[in-house]
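Novice: Provided herewith is a single structure, encoded as structure tokens, for subsequent inquiry.
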Amino acid sequence: MRSALRLAKTSLERRAGHLVFGNRKWVERQLRDVAQLVGDGKILEIGSGRHDYGADAYSMKRLFGAGCDFVQSDFNPEYGHLVVDVTSMDFDGEYDAVLCISVLEHVERFWQAIPRMHAALKPGGRLVLSVPMVFPYHDEPADFWRFTGYGVRSALSAFSDVDLRYRGPRRLPFTLFAVAQK
């Protein structure tokens, strides 16, 4: 009973956060542009998520064409995706794009994840990243970080080009969205 109440409370808090901050729809709009650039490429999605709201409720798979080789992954094997620890994954130049949407704030040692995602990309491949700046705690206790634009640029310094977008005012954004090219 307690876990059901906690899940209901978490669900309500998550929905309220999305209503107030509106990040998910904004991120999806940004991602639609990227999906057109990637075309029928091979894509790795980090953190495809749980299935409590449906099989692909947390995944961005629906935004990409049917011709894509779209690989869903998650750290938690219970979610039914390829099990991947983004801090130690060992892919080498396999993907045209790596999606890391609203995940990095949950990676305790995020600085280990960035080089692994970079290595997973083919030359010219793109890392697509969204992270919160002003957003309530969620999925506690595994909610470790909030990111500034300067922090995102610094973390992505190994990439040749970084397109950074802000949801909200630049000096107090709700969310940052980056497309970084290898």
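Novice: Take the residues in segment 131-179 that are of a type in the set (Gly, Ala, Ser) and touching a His at 6+ places or on another chain (Cβ under 8 Å); name whichever of them is nearest to residue 27 (Cα to Cα). Can you show your working first?
Specialist: Going through segment 131-179, the residues of a type in the set (Gly, Ala, Ser) turn out to be 142, 149, 151, 154-155, 157-158, 160, 168, 178.
Next cut, touching a His at 6+ places or on another chain (Cβ under 8 Å) only: 142, 158.
Working: 142: 21, 158: 23 Å.
The selected residue is 142.
Novice: Quick one: what pairs do we get from segment 36-59, first residue on the phi > 0 side of the Ramachandran plot, second crowded, with 19+ Cβ neighbours inside 10 Å and not in a loop (DSSP other than H, G, I, E, B), C-beta under 6 Å, 6+ apart or different chains?
Specialist: 47/74
Novice: Which condition number in (1) part of a loop (DSSP other than H, G, I, E, B); (2) closer than 26 Å to residue 161 by Cα; (3) in contact with a Lys or Arg (Cβ under 8 Å, 6 or more places away or on another chain) is the one that residue 96 fails?
Specialist: It is condition (1) that residue 96 fails.
Novice: Can you find a residue that is out of contact with any Cys (no Cβ under 7 Å at 6 or more places or on another chain), touching a residue at least 24 places away in the same chain (Cβ under 8 Å), polar (S, T, N, Q) and outside any helix (DSSP H, G or I) anywhere in segment 126-135?
Specialist: Yes, segment 126-135 contains at least one residue that is out of contact with any Cys (no Cβ under 7 Å at 6 or more places or on another chain), touching a residue at least 24 places away in the same chain (Cβ under 8 Å), polar (S, T, N, Q) and outside any helix (DSSP H, G or I).
Novice: From the list 158, 180, which one is hydrophobic (A, V, I, L, M, F, W, C) and closer than 18 Å to residue 60 by Cβ? Spell out how you get there, then give the answer.
Specialist: On the way: 158 fails: closer than 18 Å to residue 60 by Cβ.
Exactly one residue qualifies, and that residue is 180.
Novice: Of the conditions (1) at pLDDT below 95; (2) surrounded by 20 or more Cβ atoms within 10 Å (Cβ to Cβ); (3) closer than 16 Å to residue 180 by Cβ, residue 59 fails just one. Which one is it?
Specialist: (3)
Novice: When segment 154-176 is examined, which residues are found to be more than 21 Å from residue 122 (Cα to Cα), in contact (Cβ under 8 Å) with a residue 40 or more places away in the chain and either among the charged types (D, E, K, R) or in contact with a helix residue (DSSP H, G or I) (Cβ under 7 Å, 6 or more places away or on another chain) (or both)?
Specialist: Passing the criteria: 165, 167, 174, 175, 176.
Novice: Among the residues of segment 65-81, are any surrounded by fewer than 17 Cβ atoms within 10 Å (Cβ to Cβ), modelled with pLDDT under 90 and assigned to a helix (DSSP H, G or I)? Show your work before the answer.
Specialist: Residues of segment 65-81 that are surrounded by fewer than 17 Cβ atoms within 10 Å (Cβ to Cβ), as a first pass: 65-67, 69, 76-78, 80.
The next check asks that each one be modelled with pLDDT under 90; those that pass are 80.
Still in the list and also assigned to a helix (DSSP H, G or I): none.
Scanning segment 65-81, I find no residue that is surrounded by fewer than 17 Cβ atoms within 10 Å (Cβ to Cβ), modelled with pLDDT under 90 and assigned to a helix (DSSP H, G or I), so the answer is no.
Novice: I need every pair where a residue in segment 99-119 that is in contact (Cβ under 8 Å) with a residue 40 or more places away in the chain and assigned to a helix (DSSP H, G or I) has its Cβ under 9 Å from the Cβ of a residue that is surrounded by 22 or more Cβ atoms within 10 Å (Cβ to Cβ) and polar (S, T, N, Q), sequence separation at least 6 or different chains.
Specialist: 104/130
Novice: I would also like to ask the following. Yes or no: segment 96-109 includes at least one residue that is of a type in the set (A, V, I, L, M, F, W, C), at pLDDT 95 or above and surrounded by fewer than 19 Cβ atoms within 10 Å (Cβ to Cβ).
Specialist: no
Novice: Now a separate question. In segment 141-158, how many are assigned to a loop (DSSP other than H, G, I, E, B), closer than 13 Å to residue 180 by Cβ and not small (Gly, Ala, Ser)? Don't jump to the end; show me each part of the working.
Specialist: As a first pass, look at segment 141-158 and keep what is assigned to a loop (DSSP other than H, G, I, E, B): 141-148, 156-158.
Imposing the further condition that a residue be closer than 13 Å to residue 180 by Cβ reduces the set to 156-158.
With not small (Gly, Ala, Ser) added as a condition, the list becomes 156.
Residues meeting the conditions: 1.
Novice: Given the criteria surrounded by 13 or more Cβ atoms within 10 Å (Cβ to Cβ), touching a helix residue (DSSP H, G or I) at 6+ places or on another chain (Cβ under 6 Å), at negative phi and in contact (Cβ under 8 Å) with a residue 40 or more places away in the chain, does residue 31 qualify?
Specialist: Numbers: surrounded by 13 or more Cβ atoms within 10 Å (Cβ to Cβ): yes; touching a helix residue (DSSP H, G or I) at 6+ places or on another chain (Cβ under 6 Å): yes; at negative phi: yes; in contact (Cβ under 8 Å) with a residue 40 or more places away in the chain: yes.
Yes: the conditions hold for residue 31.
Novice: What number of residues within segment 121-177 are of a type in the set (A, V, I, L, M), in contact with an Asp or Glu (Cβ under 9 Å, 6 or more places away or on another chain) and surrounded by fewer than 15 Cβ atoms within 10 Å (Cβ to Cβ)?
Specialist: We begin by selecting, within segment 121-177, every residue of a type in the set (A, V, I, L, M); these are 121, 127-129, 131, 133-134, 142, 152, 155-156, 158, 162, 164, 172, 176.
Then drop every residue that is not in contact with an Asp or Glu (Cβ under 9 Å, 6 or more places away or on another chain), which leaves 121, 131, 142.
From what's left, surrounded by fewer than 15 Cβ atoms within 10 Å (Cβ to Cβ): 142.
Summing the residues that are of a type in the set (A, V, I, L, M), in contact with an Asp or Glu (Cβ under 9 Å, 6 or more places away or on another chain) and surrounded by fewer than 15 Cβ atoms within 10 Å (Cβ to Cβ) in segment 121-177 gives 1.
The values are calculated or read from the model by the stated rules, or taken from the named source; none is laboratory data. Keep in mind the model is a prediction, meaning the values are calculated, not measured. Quick reminder, even Gly has a Cβ in these numbers, built from the backbone with ideal geometry, and neighbours come from all protein chains shown.
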